[in-house]
Amino acid sequence: MSTPSIVPTSPAERALERARDHLLSSQDEAGWWKAELETNVTMEAEDLLLREFLGIRNEAVSAPTATWIRSQQNADGAWSIYHGGPSDLSATVEAYWALRLCGDPEDAEHMRRAAARVRELGGIEETRVFTRIWLAIFGLWSWRDLPALPPELILLPKWFPLNIYDFGCWARQTIVPLLVVAAHRPVHALPFGLDELRTGKRRDDRRPLSSWGGRFQALDRALHLYERRPLAGLRSRSLRLCAEWIVRRQEADGSWGGIQPPWVYSLMALRLLGYPLDHPVMARGLAGLDTFAIEEDGVRRFEACQSPVWDTALAMVALRDAGLPAEHAALVRGGGWLAGQEVRVPGDWAVRRPELEPGGWAFEFENDNYPDLDDTAEVVLALRAAKSDDAEAREAAIRRALRWTFGMQCSDGGWAAFDVDNTRSLCNQLPFCDFGEVIDPPSADVTAHVVEMLAHEGLADDPRTRAGVDWILREQEPDGSWFGRWGANYLYGTGAVVPALVAAGIPVSHPALRRAVTWLESVQNPDGGWGEDLRSYDAGGVPGRGASTPSQTAWALLALLAADGKSAAVTPGIDWLVAAQREDGDWDEPQFTGTGFPRDFYIRYHLYRLNFPLMALGRYLRQAP
């Protein structure tokens, strides 16, 4: 069926038509949508370091990667982890080091500026643990001065505190191969050092013994003593189990979890265990890396992960909101592709839910070990937006998704992204856990997406859905907003929660919703849009404040429109979207509005700037008199 040919009469209608057509034009013939997922230069730097470690780095990869890294350097000589962000010490050290590896001399002007900034920020002595692990691998830091990572950790039973399943899926996938790397303590010598990045100051991060952090540091000292003479039989068994664990979790595309850190460390771990580069597991892993590289205009950059399922589900919801009928060919193709991505095998989530039947969706093309609740909720909404060539099969898949979703509800009523009751905060106190979130507790944004989906499935009055609603209401911030775990930040959380509560039957007059509306109105920018700088995650950061962006403006509008649409802030917000739109129907959005780990890892989803404004415009025009 062709795209509706209603003649637009208002600026908002014309903007919607342009955005809709632009989105339709970017669909793959197979039915999916996918745009670049941009992060920071540590991805490219560590890709080069991995290749150096494996002995496969070449000029064809190094030169365009180095060009990209140089292009991202800030005026002060450092690198940031998001657009417009402050200088980041660890990212700068890794970028500088990668450029040295590619042949940039230390006395080049851009390298001198980078080295000076590193020293100002504390030198390599103050980098994160993961950066210092890389330094140790290449003989630039002592393994003795790193937290102990004994592979015997793999032996802890699932009920024992701090076993690997106490960590979030992304963390456990990274930790297990690192156990192998740390046990081998490799030193791959380089023809240069990094003394120019040192301050000479001794790192001092001691914590009082009265704290859990201090107790774990004492335990770390004991583990270092054990590392001098580990029990041979126990060490051998542990390494064998780690290898088996890693190999079992390789995805069909060669990745591990579809994300860069465990992928890189898994390849290193298996190589240290004696796997040759032409072993099928290694060959698949190395070949898969190339599919995550983007080469254009003389540069090579690397995606930390890919988001086709997420992008496709959001695109279909946006097109539904834009008025496309369910039988439109684009929606039918998209729905058919999504149906084929259903995960029908148990993954790590089954460790705590062994009797639960699989039935959900993951984030990536190949990610069967780690389906997630966020994608599953959005996919169900997307499938409802499209006519299916096999309605019976679609209904069966949705039924499985509903059972799996309810089965993955946490004991407090909320939903997390990947696991159930993955809330042992003690994990954050371990000496090697200084980068990002390592557990997966329930979050307002994921719970909201689940509740919204369940409500649209006619399950708003189900006691389990009501428990989710109660959880969301308890999590509201004093100012009326909600924290955004997977998007930036309070605008994302609030933009997800308000439509979900309304869909679940909470009246728009409810005090929680009125407080949310008041907060959104209070943080609207004078230009009519909304924006939130990623510093809102930091101590002292200001929620909901920043330069206006298309995606964040749309999130605010989605909430206001759901809460009756009568706010005086709506029209200026729509006007801002219309005025900011490009002629081709897209928007410019250099800002990172996606979140991987608050305060440590951020994402620029290149389709957010199109999908969410299209949703907002569609819902606005649907409500217009």
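The values are calculated or read from the model by the stated rules, or taken from the named source; none is laboratory data. Just so we're clear, the structure is a prediction, and the values are computed from it rather than from any experiment. Neighbour counts run over all protein chains shown; Cβ positions are idealised from the backbone, glycine included.
Please indicate, with yes or no, whether at least one residue in the stretch 45-57 is outside the structural domain of GLY288 (by TED's automatic domain parsing), charged (D, E, K, R), outside any helix (DSSP H, G or I) and free of Cβ contacts under 8 Å to residues at least 12 places away in the same chain.
Looking through the stretch 45-57, none of the residues is outside the structural domain of GLY288 (by TED's automatic domain parsing), charged (D, E, K, R), outside any helix (DSSP H, G or I) and free of Cβ contacts under 8 Å to residues at least 12 places away in the same chain.
As an exercise: evaluate ASN611 against (1) surrounded by 24 or more Cβ atoms within 10 Å (Cβ to Cβ); (2) under 30 Å from LEU89 (Cβ atoms) and give the number of the one condition it does not meet.
Tallying (1) surrounded by 24 or more Cβ atoms within 10 Å (Cβ to Cβ); (2) under 30 Å from LEU89 (Cβ atoms), ASN611 fails exactly one: (2).
Only residues that are among the charged types (D, E, K, R), in a loop (DSSP other than H, G, I, E, B) and farther than 14 Å from ASP390 by Cα: list them for the stretch 314-342, please.
GLU342 - this is the single residue of the stretch 314-342 that is among the charged types (D, E, K, R), in a loop (DSSP other than H, G, I, E, B) and farther than 14 Å from ASP390 by Cα.
Determine whether VAL309 is out of contact with any Gly (no Cβ under 7 Å at 6 or more places or on another chain) and either part of a strand (DSSP E or B) or surrounded by 21 or more Cβ atoms within 10 Å (Cβ to Cβ) (or both).
On the way: out of contact with any Gly (no Cβ under 7 Å at 6 or more places or on another chain): yes; either part of a strand (DSSP E or B) or surrounded by 21 or more Cβ atoms within 10 Å (Cβ to Cβ) (or both): yes.
Yes: the conditions hold for VAL309.
Taking the options ALA269, ALA330, name whichever one is of a type in the set (A, V, I, L, M, F, W, C) and over 23 Å from ASP368 (Cβ atoms).
Numbers: ALA269 fails: over 23 Å from ASP368 (Cβ atoms).
Matching residue, one of ALA269, ALA330: ALA330.
Scan ARG301, ARG271 and give me the residue that is buried (at least 21 other Cβ atoms within 10 Å of the Cβ), touching a helix residue (DSSP H, G or I) at 6+ places or on another chain (Cβ under 8 Å) and not in a helix (DSSP H, G or I).
Values: ARG271 fails: not in a helix (DSSP H, G or I).
Step by step, each of ARG301, ARG271 is checked, and only ARG301 is buried (at least 21 other Cβ atoms within 10 Å of the Cβ), touching a helix residue (DSSP H, G or I) at 6+ places or on another chain (Cβ under 8 Å) and not in a helix (DSSP H, G or I).
Here are some residues: GLY544, GLY458, GLY480, GLY528. Which one is over 26 Å from the mean Cα position of the chain (by Cα), farther than 19 Å from ASP372 by Cβ and touching a residue at least 12 places away in the same chain (Cβ under 8 Å)? Steps first, answer last, please.
Numbers: GLY544 fails: over 26 Å from the mean Cα position of the chain (by Cα); GLY458 fails: touching a residue at least 12 places away in the same chain (Cβ under 8 Å); GLY480 fails: over 26 Å from the mean Cα position of the chain (by Cα).
Going through GLY544, GLY458, GLY480, GLY528 in turn, just one is over 26 Å from the mean Cα position of the chain (by Cα), farther than 19 Å from ASP372 by Cβ and touching a residue at least 12 places away in the same chain (Cβ under 8 Å): GLY528.
Just to be sure I understand the filter: pairs with C-beta atoms under 9 Å, separated by 6 or more residues or on different chains, first member in the stretch 215-235 and at pLDDT 80 or above, second member acidic (Asp, Glu) and surrounded by 14 or more Cβ atoms within 10 Å (Cβ to Cβ). Which pairs pass?
PRO230/GLU152; LEU231/GLU152; LEU234/GLU152; ARG235/GLU152
Scan the stretch 566-618 for residues that are of a type in the set (Lys, Arg) and under 23 Å from the mean Cα position of the chain (by Cα) and jot them down. Quick ask: steps written out before the conclusion?
Taking the stretch 566-618 first, the residues of a type in the set (Lys, Arg) are 566, 582, 599, 604, 609.
If the condition is that a residue be of a type in the set (Lys, Arg) and under 23 Å from the mean Cα position of the chain (by Cα), then ARG599, ARG604, ARG609 are the ones that fit.
So which residues in the stretch 379-412 are small (Gly, Ala, Ser), farther than 23 Å from LEU324 by Cβ, within 26 Å of the chain's Cα centre (by Cα) and outside any loop (DSSP other than H, G, I, E, B)? If you could, list the steps in order and put the result at the bottom.
Let us first name the residues in the stretch 379-412 that are small (Gly, Ala, Ser), namely 382, 385-386, 388, 391, 393, 396-397, 401, 407, 411.
Filter once more, so that each one left must be farther than 23 Å from LEU324 by Cβ: 396, 407, 411.
Cutting the leftovers down to within 26 Å of the chain's Cα centre (by Cα) gives us 407, 411.
Hit for the stretch 379-412 is GLY407, nothing else.
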